[in-house]
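Here's the structure, in structure tokens; my notes come after.
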Amino acid sequence: MGASHAVISLGELSRSTFDGECFRSAGITWPEGVEGARNPTPRELRRVLRGLGGYHIEYDATGHSLDVTISNSMDAQDWAVIWVENYAGEASEDTPLSFSFHRGNEPLVLRVMSDLAKVCGPFVVVFNFDDPRLVTADGAPR
């Protein structure tokens, strides 16, 4: 629960890279609807997080990053921290930016990623550096 979780937009991968051994051995295959897949903009990320309901969201912009803490006051185990790279304030609000989950509860990470996939296309989330999952808009990680 405390390890980093990498996030990769399928727009950043070629099919030949995706079809490599790492993903095949995890039972993940190239999905439909990859055209136009991309990372979210900070504005889109905020909109998706507002839609979670029941969570407290805290934003901390420092240097060239944006840290987002998501917490559930009813369940101390239900939380996540997102790190958005290359954040430059208002100037980058509409620019797709790479991000990762610095820490977090797996079900919450998958919920956020499924909601983002509805906006940006599919993602691969790599839990604890060795457990890749394909997350699509249908919400069922594979």
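The values are calculated or read from the model by the stated rules, or taken from the named source; none is laboratory data. A quick note: this is a predicted structure, and the numbers were derived from the prediction, not measured. Every residue, glycine as well, gets a Cβ built from its backbone with ideal geometry; the counts of neighbours run over all protein chains shown. Quick note on the areas: whole protein, heavy atoms, side chains included, nothing else; ligands and nucleic acids left out. Shrake-Rupley method; radii C 1.70, N 1.55, O 1.52, S 1.80 Å.
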Practice task
Kindly establish whether Val34 is surrounded by 15 or more Cβ atoms within 10 Å (Cβ to Cβ) and within 11 Å of the chain's Cα centre (by Cα).
Solution key: no
Practice task
Answer yes or no as to whether Val112 is at pLDDT 90 or above, open to solvent by less than 20 Å² (accessible area, probe 1.4 Å), touching a helix residue (DSSP H, G or I) at 6+ places or on another chain (Cβ under 9 Å) and β-branched (Val, Ile, Thr).
Solution key: yes
Problem - Set Val119, Val81, Val125: member being open to solvent by less than 10 Å² (accessible area, probe 1.4 Å), under 12 Å from the mean Cα position of the chain (by Cα) and either under 26 Å from Ala26 (Cα atoms) or charged (D, E, K, R) (or both) - result: Val125
Practice task
Those residues that are free of Cβ contacts under 8 Å to residues at least 60 places away in the same chain and at positive phi, I need them from region 109-140; list them, please.
Solution key: Gly139
Exercise for the section: Kindly list, by first and then second residue, each pair from a residue in region 76-90 that is closer than 15 Å to Arg43 by Cβ to a residue that is open to solvent by 60 Å² or more (accessible area, probe 1.4 Å) and not in a loop (DSSP other than H, G, I, E, B), limited to pairs with Cβ atoms under 8 Å and residues at least 6 apart or on different chains. Expected result: Ile82/His102; Tyr87/Ala61; Gly89/Ala61
Exercise for the section: Select from region 37-46 the residues that are over 14 Å from Val7 (Cα atoms), in contact (Cβ under 8 Å) with a residue 40 or more places away in the chain and open to solvent by 30 Å² or more (accessible area, probe 1.4 Å) and list them in ascending order. Expected result: Arg43
Completion exercise
Inside region 94-142, the number of residues satisfying the requirement of being of a type outside the set (A, V, I, L, M) and farther than 20 Å from Arg46 by Cα is 10
Completion exercise
Only one of Asp78, Asp67, Asp60 is acidic (Asp, Glu), at pLDDT 80 or above, farther than 23 Å from Ala137 by Cα and touching a Leu at 6+ places or on another chain (Cβ under 9 Å), namely Asp60
Exercise for the section: Please report, ordered by residue number, the strands (runs of 3 or more DSSP E) entirely within region 45-111 with at least 3 residues that are under 26 Å from Gly11 (Cα atoms). Expected result: 65-71, 79-85, 99-104
